[in-house]
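Here is the structure we will look at, set down as structure tokens.
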Amino acid sequence: MDTAIVMYGPPAAGKDTVTASLAGVDNKFRHYHRIKVGPGRTAGYRMASTADLDHLTTAGEVIYSNSQYGSTYLIDRVELNRMLTASQIPVLHVGQPEAIGTLLAAAPAIRWVVVELWCPRDVAAERAAARNTGDVTERLAAWDATPKLMVADVRIDTGSIDPAGAADQIVDAVRAAQSSIIVPAMHLVHPDGSLDLAATHRHAVSAAAGWVDCFLINGSTTAGSELTSAERTAVLDTWLNAVDPSRLLACAWSCDDVATAVDHDIRPMAVLQADTRPAAEQLLRTLPAGSTIYSHPMFGCTFDAELAAWARSADHLPSGGKLAKVSLTEIAEIRHAAPTFETWDGSSRRIRQSIDAGAAGVVATPLAASLTELPPRSLAQIQRTVDGVQAKLDQLPKRAAKRGWLLDQIQS
């Protein structure tokens, strides 16, 4: 999983110190050394000439550049890619909000963690003076000119939190960033409501180019239960022609659906349709190894910690599942009862909280409206996008209306 950290803050906020603390926790965290062209401090930079700058610019390898303190500072694609290829987690230091937007837009599929560091001005002044670089006035002017971020994954006041504590918070955010984002995949329809497989294929091809981990096919969001078994197979085949099977989950409303998914080398997500606990246990017994489940109160018995513990002891534990209407406490209880079960919270209203409680990821239904215009892969950015769409969906009274609205967004 390509993961990178953007560490933002004013001069002397502690970017170098916190980065060093991160490296002490795990050496996969590496300071991305920006290219510097100009005089002054050389430590922590890759020094280059004006000719080098011109060459990188001409080659299109400069992601972002800015000039300050009489020098030019560059973030280049070559070094970023080199670090990611080496399975390192680059820590990029920036002091301009626009640098963050440019970075995330240049590589939206990277699991970005945006960290905002800050400290009181008097603390910054003491730290700047201790550097003995002779530019305290300039650095404090830059401190004054550095605005707070509108969106960040982690915000830390280094005047009150020590480097080790800051590193711990960032490590937690990195773990959260590496969780799964699953999105229900819509099948498109003709004006009369019948399947439009050609349009669905075009949509799938476009969606496949994005960073979504898994597309959930024939789920409840798309009224998969209202399709015939043959229609569900046709939809599944259409998406399979555009997306690698490892990125697909097939919602299974019948035994035939489960068999079809297995035949297609796609993980089935069997709907837990059971009125009683014994019936739920029996359904779990029938599932092929590696299957996932979809649990929702409207289908009867739900997958809880007690059922998870039974399934684990009986060796019938699914590999994971979408759990709708589940509380944070229930997520934690299931994680404790069956640590290998991947819980995907059916709600994306509280992504970070769900993951912190023990979820392996979320099912982000609102993103179905914009699979071709996804936000960069920062949980804070994703949450902001999800919240905006969810607010519109919440204004609609019924599932059919919500589904229609999502289809309208795709088809428009």
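Here Leu92 fulfils each of the conditions (1) open to solvent by 60 Å² or more (accessible area, probe 1.4 Å); (2) within 21 Å of Ala173 (Cα to Cα) apart from (1). Condition first: open to solvent by 70 Å² or more (accessible area, probe 1.4 Å) and over 17 Å from Pro11 (Cβ atoms). Now tell me which residues in region 61-82 satisfy that. Within region 61-82, Arg77, Val78, Asn81, Arg82 qualify.
Taking the residues in region 171-187 that are of a type in the set (Gly, Ala, Ser) and touching a Gly at 6+ places or on another chain (Cβ under 7 Å) as candidates, determine which candidate is nearest to Lys28 (Cα to Cα). Ranking the candidates gives Ser179 first. Take Asp16 and decide whether it is within 27 Å of Val151 (Cα to Cα), touching a residue at least 12 places away in the same chain (Cβ under 8 Å) and among the acidic types (Asp, Glu). So Asp16 fits the description; yes. Among the numbered conditions (1) closer than 24 Å to Ala209 by Cα; (2) surrounded by fewer than 22 Cβ atoms within 10 Å (Cβ to Cβ), the only one that Thr365 does not meet is (2). Listed by position, the strands (runs of 3 or more DSSP E) contained in region 144-225 that have at least 2 residues being touching a residue at least 12 places away in the same chain (Cβ under 8 Å) and over 30 Å from Ala99 (Cα atoms) are 180-185, 214-217.
Note on region 141-198: among residues that are among the acidic types (Asp, Glu) and farther than 30 Å from Leu407 by Cβ, the one that is surrounded by the fewest Cβ atoms within 10 Å (Cβ to Cβ) is Asp144. Of everything in region 290-307 that is among the aliphatic types (A, V, I, L, M) and under 27 Å from the mean Cα position of the chain (by Cα), the residue that is most open to solvent (accessible area, probe 1.4 Å) is Ala305. Only residues that are open to solvent by less than 20 Å² (accessible area, probe 1.4 Å) and acidic (Asp, Glu) were counted in region 108-133, giving 1. Within region 383-406, being open to solvent by less than 40 Å² (accessible area, probe 1.4 Å) and either touching a residue at least 12 places away in the same chain (Cβ under 8 Å) or under 24 Å from the mean Cα position of the chain (by Cα) (or both) holds for Gln383, Val386, Gly388, Val389, Gln390, Leu393, Leu406.
Within region 1-22, the set of residues being crowded, with 18+ Cβ neighbours inside 10 Å and part of a loop (DSSP other than H, G, I, E, B) comprises Asp2, Gly9, Pro10, Pro11, Ala12, Ala13, Gly14. Looking across Thr58, Thr85, Thr42, one residue alone is touching a strand residue (DSSP E or B) at 6+ places or on another chain (Cβ under 8 Å) and surrounded by fewer than 17 Cβ atoms within 10 Å (Cβ to Cβ). It is Thr42. Taking into account only those residues within region 199-240 that are polar (S, T, N, Q), under 16 Å from Trp253 (Cβ atoms) and open to solvent by less than 20 Å² (accessible area, probe 1.4 Å), which is modelled with the lowest pLDDT? Looking at residues that are polar (S, T, N, Q), under 16 Å from Trp253 (Cβ atoms) and open to solvent by less than 20 Å² (accessible area, probe 1.4 Å), I get Thr222. Would you check if Asp157 is among the charged types (D, E, K, R), modelled with pLDDT of 95 or more and closer than 27 Å to Pro376 by Cβ? Criteria met by Asp157.
The values are calculated or read from the model by the stated rules, or taken from the named source; none is laboratory data. Here the structure is a predicted model, which is why all the values come from computation and not from measurement. As a convention, Cβ positions derive from the backbone with ideal geometry for all residues, glycine included, and neighbour counts pool all protein chains shown. In case anyone asks, the SASA skips ligands and DNA or RNA and just uses the protein heavy atoms, side chains included. Shrake-Rupley method; radii C 1.70, N 1.55, O 1.52, S 1.80 Å.
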